[in-house]
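Below is one structure, written out as structure tokens, with a few remarks after it.
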Amino acid sequence: MASPGAALQLADAEREVLIVVSKMKKYIKDRSGFNCSDAVADMLSDHVRAICDDAIRTAAKDERKTVLDRDVPRPVRR
């Protein structure tokens, strides 16, 4: 069973922004000329966490303690 401190760490990690906001905004501006809301970083961070969780499950299924590039699902391009 995880300690209360570990549970708090996980909760903090689930709220932490994982995206470099200035770089994301610059990419969107350079690519499209559009402005970007700060809330986009939170949504993208949720996506990154989900991708990481998938990669962790794949590595665990292969009985590895290292997540490799091949564990990360390919992006869907539309």
Filtering region 39-68 down to residues that are of a type in the set (G, A, S) and either touching a Cys at 6+ places or on another chain (Cβ under 9 Å) or touching a residue at least 12 places away in the same chain (Cβ under 8 Å) (or both) yields A41, S45, A55, A59
Provide a single number: the residues in region 21-34 that are touching a helix residue (DSSP H, G or I) at 6+ places or on another chain (Cβ under 7 Å) and open to solvent by 90 Å² or more (accessible area, probe 1.4 Å).
1
Give me the pairs, please: first residue somewhere in region 15-38 and within 19 Å of C52 (Cβ to Cβ), second residue anywhere and modelled with pLDDT under 95 and part of a loop (DSSP other than H, G, I, E, B), beta-carbon distance under 7 Å, and either six or more positions apart or on two chains.
V21/D38
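Listed here are the residues, each with its yes/no results for (1) assigned to a loop (DSSP other than H, G, I, E, B); (2) among the β-branched types (V, I, T).
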{"position": "A41", "(1), (2)": "no, no"}
{"position": "R49", "(1), (2)": "no, no"}
{"position": "D53", "(1), (2)": "no, no"}
{"position": "T58", "(1), (2)": "no, yes"}
{"position": "E63", "(1), (2)": "yes, no"}
{"position": "V67", "(1), (2)": "yes, yes"}
{"position": "R70", "(1), (2)": "no, no"}
{"position": "P73", "(1), (2)": "yes, no"}
{"position": "V76", "(1), (2)": "yes, yes"}
Take S22 and tell me if it is part of a loop (DSSP other than H, G, I, E, B), among the small types (G, A, S), under 19 Å from the mean Cα position of the chain (by Cα) and modelled with pLDDT of 95 or more.
no
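So if I check each of A2, A6, A11, A60, which one is modelled with pLDDT under 95, open to solvent by 50 Å² or more (accessible area, probe 1.4 Å) and either within 14 Å of the chain's Cα centre (by Cα) or not aromatic (F, W, Y) (or both)?
Values: A6 fails: open to solvent by 50 Å² or more (accessible area, probe 1.4 Å); A11 fails: open to solvent by 50 Å² or more (accessible area, probe 1.4 Å); A60 fails: modelled with pLDDT under 95.
After ruling out the rest, the residue left standing is A2.
The values are calculated or read from the model by the stated rules, or taken from the named source; none is laboratory data. Given the structure is predicted, the values throughout are model-derived calculations rather than measurements. Don't worry about glycine lacking a Cβ; one is built from the backbone with ideal geometry, like all the others, and counts go over all protein chains shown. Areas reflect the complete protein model, heavy atoms only, side chains present, ligands, DNA and RNA absent. Shrake-Rupley method; radii C 1.70, N 1.55, O 1.52, S 1.80 Å.
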